[in-house]
Amino acid sequence: MTWEEAETAFKAADYVALPCGSTEQHSLHLPMSVDTLRSSHLTDELAERAHAHGLELLVLPPLPYGYSEHHLSFSGTITIDADTYQDIVVDIGRSVKEHGADRFLITNFHAGNIEPHKLAIDRLQRDHDLPTRYVNWTDFAREELEERFGDNWGHAGEHETSVIEHYRPELVRQEKKRPQTMHGTSDSERFRYFDDLTDEGGLGDPTASDPAFVADVVEETTERILKDLSDDE
């Protein structure tokens, strides 16, 4: 968009959406852009189907870096300090508000971003009077994913592998897919680097990926999220 086109689009949108990903290791078979790719494709799904729910979504460029300290022991991971990341999200929201947006939507695809996001949303609503909704995408799909993949389908596992195989199959190193080698954990440990959790960098069993199943989950979850966003229309 030009600034002139953006001026109209910001004011017309029911939500201005910020897709949030990360740049971090995703085991041996997936690229470091997994979360950012998911943020782009799955937020675009929301925007493309929003009209059927009477909504107009304006999607900002994805934020490709996040709080990824726990992955930093694996090469290529880029992390932003949690406080800095919170400030970045607030500054983006403040800019959105300046351009006449009524509501802000953060769509998140990396677990490490969740806590900074909560604090940023508090600041946006309290200090900048910007109503902000939050979609941590996997929360809306959790029931189906757990029923199909069990408990350990998270980082670089069955779920994320399936999503990338669905949207960008050429990026998956099929010959590198293997069940991930996990280490023991304690319930009382609140922070561990990922090389303390797993040898390869991922969770679960990527060889059990199922992109056709996940395509159906994407469709159902997109509808579920849009219904939630349209409830206060």
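The values are calculated or read from the model by the stated rules, or taken from the named source; none is laboratory data. All values derive from a computational prediction rather than experimental measurement. We place every Cβ from the backbone using ideal geometry, glycine too, and count neighbours over all the protein chains shown. Areas reflect the complete protein model, heavy atoms only, side chains present, ligands, DNA and RNA absent. Shrake-Rupley method; radii C 1.70, N 1.55, O 1.52, S 1.80 Å.
So which GluC sites (Glu not before Pro) in region 120-193 are both in a DSSP loop and have at most 10 other Cβ atoms within 10 Å of their Cβ? Mind dumping the intermediate values first?
Numbers: sites: Glu143, Glu144, Glu146, Glu147, Glu158, Glu160, Glu165, Glu170, Glu175, Glu189; in loops: Glu189.
Hits after loop and neighbour filter: Glu189.
For region 1-60, which GluC sites (Glu not before Pro) are in a loop by DSSP, counting at most 14 other Cβ atoms within 10 Å?
Here the GluC sites (Glu not before Pro) that fit, given the DSSP loop and packing criteria, are Glu56.
Taking every DSSP beta bridge with both residues inside the chain, roughly what % is antiparallel (nearest 5)?
Working: 3 of 18 bridges.
Expressed as a percentage, antiparallel bridges in the chain total about 15.
Evaluated at 4 °C with a viscosity of 1.567 mPa s, what Stokes-Einstein diffusion coefficient in µm²/s does the chain have when Rh comes from the Kirkwood expression over alpha-carbon pairs? List each step's numbers first, then the result.
Working: Rh = 18.4 Å.
Using the Kirkwood radius from Cα pairs, D works out to 71 µm²/s.
Shape of region 35-163 from its Cα gyration tensor (a ≥ b ≥ c, root eigenvalues): rounded if a/c is under 1.5, otherwise prolate when a/b > b/c, or oblate?
Working: a/c = 2.00, a/b = 1.22, b/c = 1.64.
Oblate is the answer for region 35-163, as a/c is 1.5 or above yet b/c matches or exceeds a/b.
Tell me the carbon and sulfur percent of the accessible area for the chain, rounded to whole percent, probe radius 1.4 Å. Intermediate values should be presented prior to the final figure.
Values: 5350 of 11110 Å².
On the chain, the fraction of accessible area on carbon and sulfur atoms equals 48 percent.
For region 5-22, in order, what is each residue's ³J(HN,Hα) by Karplus, 6.51 cos²θ - 1.76 cosθ + 1.60 with θ = phi - 60°, in whole Hz (x at glycine and Pro)?
Those phi angles translate into 5, 5, 4, 6, 5, 4, 6, 7, 6, 6, 9, 9, 9, 10, x, 10, x, 6 Hz.
Per the helix-only calculation at 222 nm, which mean residue ellipticity applies to the chain, given -39500 (n - 2.57) for every DSSP H run of n ≥ 4 and division by its residues, nearest 500 deg cm²/dmol? Walk me through the numbers on the way to the answer.
Numbers: 8 runs with 104 residues, N = 233.
That comes out to -14000 deg cm²/dmol.
Can you give the longest run of the chain that contains no trypsin sites (Lys or Arg not before Pro) sitting in a DSSP loop with at most 16 other Cβ atoms inside 10 Å?
1-172
With every protein chain present, what is the per residue accessible area of the chain (1.4 Å probe, Å²)? Write down the numbers at each step before the final one.
Details: 11110 Å² over 233 residues.
Heavy-atom accessible area per residue stands at 48 Å².
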